[in-house]
Structures are given as C-alpha cells and as structure tokens.
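Q: Dropping a structure here in structure tokens format, bear with me for questions.
The values are calculated or read from the model by the stated rules, or taken from the named source; none is laboratory data. The structure displayed is predicted, hence computed values, not measured ones. Here Cβ is always computed from backbone atoms with ideal geometry, including for glycine, and neighbour counts include all displayed protein chains.
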C-alpha cells in the first residue's frame, strides 16, 4: 500500500504538491472557523418574566409548556395566569415559534399543557 502511495505522489510536481497543501490548509482553517462561530440558541420573542412563587402550593399552579419555546418544561405561574404568562415563564417563544397560533389570553389550569407550534412556511 505504501508503494502505491509513493507512485501516486510521483506524478505530481512540487508546484502541484504545494497547491494541494494550501487547499488542505484552507479547508482545515475553514472548518475550525465554522465550528468556533456556530450561532447560539435563537433569541426569544418575549422577555423573561419571573414566575410565581417557586415554592408551589396554593399561590401557584404548574403548567407544562412545550414546543417552540426557549426553555420547555414545567413552569410555576400564578393561579390567575394566562397562557402568555406561562409562555414567558418558559423563556418566551423562539424565533421559529408562532405564539399567535394559540390563544395567549386564555386562563390556565393546574396541570395544563401548552404547546407553541412552529411557524408555517409559506411557499
């Protein structure tokens, strides 16, 4: 196998080898730059607002917020909270989320699940 590699490289001039080395170096540098400059998570559409008292109990209810939100999961909100409060307690909808597809003014109930859908792409 080594002999075959030597025969392969014999067909290249020094200039060809330098061009190949420079191309390989450019590819390696490009990959490193792309990996180091990856974008972070998408910013939320809404600002974070503090949830109700974190201790739980009569002064708060638990709501499961899923879908296109920054921090999906169970959040604590006030008993008189609206869907919008739960979405904001989950970090807000992502740029890809479509919070207008759900009723943000609806009242919440303990144990309810809210799903923020993704925006539909228009062709």
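Q: Please verify whether residue 90 is out of contact with any strand residue (DSSP E or B) (no Cβ under 7 Å at 6 or more places or on another chain) and assigned by TED's automatic domain parsing to the domain that holds residue 65, treating the condition exactly as stated.
A: When the stated conditions are applied, residue 90 does not pass them.
Q: Same structure, new question: Determine which single condition residue 59 fails, assuming it passes every other condition in (1) at pLDDT 70 or above; (2) within 29 Å of the chain's Cα centre (by Cα).
A: Only one criterion in (1) at pLDDT 70 or above; (2) within 29 Å of the chain's Cα centre (by Cα) is unmet by residue 59, namely (2).
Q: Name the residue, out of 19, 49, 75, 95, that is modelled with pLDDT under 95, in contact with a strand residue (DSSP E or B) (Cβ under 9 Å, 6 or more places away or on another chain) and surrounded by 11 or more Cβ atoms within 10 Å (Cβ to Cβ).
A: None of the other options fit; the residue is 75.
Q: If you don't mind, there's one more thing I want to ask. All but one of (1) modelled with pLDDT under 90; (2) assigned to a strand (DSSP E or B) hold for residue 120, so report the exception by its number.
A: So the condition that residue 120 fails would be (2).
Q: Looking at the range 91-107 only, could you name the residues that are part of a loop (DSSP other than H, G, I, E, B) and within 19 Å of the chain's Cα centre (by Cα)?
A: Residues satisfying the conditions are 91, 92, 94, 95, 96, 98.
Q: Got a number for residues in the range 1-16 being at pLDDT 80 or above and surrounded by 10 or more Cβ atoms within 10 Å (Cβ to Cβ)?
A: Qualifying residue count, the range 1-16: 2.
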